[in-house]
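Structure first, commentary second.
The values are calculated or read from the model by the stated rules, or taken from the named source; none is laboratory data. A quick note: this is a predicted structure, and the numbers were derived from the prediction, not measured. Here Cβ is always computed from backbone atoms with ideal geometry, including for glycine, and neighbour counts include all displayed protein chains.
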Amino acid sequence: MPKSRIMAFTWATVKNLFSKPATSKYPAEPIAYPEGSRGHIEIAIDDCISCGICEKSCPPRAITVKKPPEGTWAIDRMDCIACGYCVSVCPKKCLHMVAGYQTPGGEKITDSFQRPHMGEEYLKAQEEKKKAALAAAAAKKAAEQAAAPKEAN
Ligand code: SF4
Ligand code: SF4
């Protein structure tokens, strides 16, 4: 081996002995995601209006939106390609790209979120609203009928 190569090898060895390791001590130390890393999608479900635009725009069809009374928003994490398109089309700006990747695993993971006051609570509120509207209409009709003879005079 040429002398210059031996010198370079020796220098690299000595340098590596006294320099910090290139790898991190993950998971003992928190991971630092690279700048611009897309990570994963998170939703502020309270602001979602179940419009379904994100579902229609998602290229791999990873999002499923169920309108009220279900009022759910679900994402198949294994199908998402982190393109960020849903984030840009959401009219309520309730979708965000957050650093951090899906934990590897053998099962397909679907995360599902429900808007507040949906499901049974929503149905009950709708029923009460309907009853109140019917009662108001009946009261209005009764008042009109009571006022009718007076108007004729
Ligand atoms: S980031 Fe892209 S692939 Fe993932 S849910 Fe949004 S639109 Fe679909
Ligand atoms: S586009 Fe936004 S508001 Fe509409 S369903 Fe998707 S997350 Fe909800």
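Checking each residue in region 2-42 for being within 30 Å of V89 (Cα to Cα) and either hydroxyl-bearing (S, T, Y) or within 16 Å of ligand 2 (Cβ to nearest atom) (or both) picks out Y33, S37, H40, I41, E42. Pairs meeting the criteria (first residue in region 63-83 and at positive phi, second residue part of a loop (DSSP other than H, G, I, E, B) and within 15 Å of ligand 2 (Cβ to nearest atom), beta carbons under 7 Å, at least 6 apart or on different chains) are G71/S50; G71/R115; G71/M118. Scanning region 5-46 for residues that are free of Cβ contacts under 8 Å to residues at least 24 places away in the same chain, aromatic (F, W, Y) and not in a helix (DSSP H, G or I) yields a count of 1. When E120 is tested against the conditions (1) surrounded by 11 or more Cβ atoms within 10 Å (Cβ to Cβ); (2) on the phi < 0 side of the Ramachandran plot, the lone failure is (1).
Of the residues screened, I75 is one that is under 16 Å from G52 (Cα atoms), within 16 Å of ligand 1 (Cβ to nearest atom) and surrounded by 10 or more Cβ atoms within 10 Å (Cβ to Cβ). Within region 43-61, is even one residue charged (D, E, K, R), surrounded by 14 or more Cβ atoms within 10 Å (Cβ to Cβ), more than 18 Å from Q102 (Cα to Cα) and more than 7 Å from ligand 2 (Cβ to nearest atom)? Looking through region 43-61, none of the residues is charged (D, E, K, R), surrounded by 14 or more Cβ atoms within 10 Å (Cβ to Cβ), more than 18 Å from Q102 (Cα to Cα) and more than 7 Å from ligand 2 (Cβ to nearest atom).
Within region 6-42, being loosely packed, with under 10 Cβ neighbours inside 10 Å and within 16 Å of ligand 1 (Cβ to nearest atom) holds for one residue alone: G36. Where helices (runs of 4 or more DSSP H) fall wholly inside region 47-153, the ranges with 1 or more residues that are more than 30 Å from S37 (Cα to Cα), among the small types (G, A, S) and at pLDDT below 95 are 120-152.
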